[in-house]
1. Multiplying the sequence separation of residue 170 and residue 101 by 0.36 nm and subtracting their Cα-Cα distance, what value in nm do you get?
2. Give me the extension gain from residue 179 to residue 21: residue separation times 0.36 nm, minus the current Cα-Cα distance, reported in nm with one decimal.
3. Under 8 Å for C-alpha pairs, at least 6 residues apart: give me the relative contact order for the range 3-81, rounded to a whole percent.
4. Set the Förster radius R0 to 41 Å, insert the Cβ-Cβ distance between residue 135 and residue 188 as r into 1/(1 + (r/R0)^6), and round the FRET efficiency to 0.05.
5. Sort 30, 88 so that the residue with the fewest other Cβ atoms within 10 Å of its own Cβ comes first and the one with the most comes last.
6. Counting only C-alpha contacts under 8 Å and six or more residues apart, can you give the relative contact order of the range 13-155 as a whole percent?
7. Roughly what % of DSSP beta bridges within the range 13-155 run antiparallel, to the nearest 5?
8. With each pseudo-label sitting 7 Å past Cα toward Cβ, what's the residue 45-residue 144 distance in nm, one decimal?
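Readers should treat all values here as calculations from the given coordinates under stated rules, not as data from a laboratory. Worth saying up front: this structure is predicted, and the values here are computed from it rather than measured. Virtual Cβ from ideal backbone geometry, glycine too; neighbours counted across all protein chains shown.
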Ligand SMILES: NC(=O)c1ccc[n+]([C@@H]2O[C@H](COP(=O)([O-])OP(=O)(O)OC[C@H]3O[C@@H](n4cnc5c(N)ncnc54)[C@H](OP(=O)(O)O)[C@@H]3O)[C@@H](O)[C@H]2O)c1
């Protein structure tokens, strides 16, 4: 399969996650230690593409409370406006560049798009991405599949009783295609 088509900065709303093979974006208790030791760039500096093309980020309160540091996005390589959606902004500690929003998810994503200045909005939240998907407000899903099984944690898409959501691959062999992957269990 071809490598990921370079990401462009064109005002899209993206769900962007590193995800375990079994569909988790965080472990139990929002743990992220499972990412250690995973080569996230390969020969190409994919992070640089996202740093360059991301104009704003939108997250949720649980992810923020677990990692309240917008300056750590992309290892500190990205900086820009960050928005955190919460029903109780009044008890969030102020943080530079971070705006806590208590509004409809559609309004929140429009605020982030306005702040992104034509670049993309990255939705770094499973729950908000799910809401945007249901509202038809998510443009693309960028997944970096991590070579690990977690078995428990925060799922990318956790909607009991959901109907299947069909997706079209837009990089590599575009279409409604399977992507062949082959793994073997290994030591840490
Ligand atoms: N794997 C990766 O690449 C990656 C990247 C970034 C983050 N993460 C992780 O992904 C996980 C995301 O967690 P999550 O998606 O379960 O939680 P989340 O979206 O971070 O937090 C959920 C909370 O956000 C608030 N919220 C969500 N929708 C709202 C709405 N429409 N209006 C008002 N408030 C709203 C609510 O908080 P209140 O009700 O308390 O206000 C809700 O309980 C985190 O652990 C994060 O660290 C992973």
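1. Net length gain for the segment: 21.7 nm.
2. This chain segment gains 55.6 nm when fully extended.
3. 31
4. 0.55
5. By the 10 Å Cβ count, ascending: 88, 30.
6. Reported as a whole number, the value is 46 percent.
7. Antiparallel bridges make up about 10 percent of those DSSP assigns within the range 13-155.
8. 1.4
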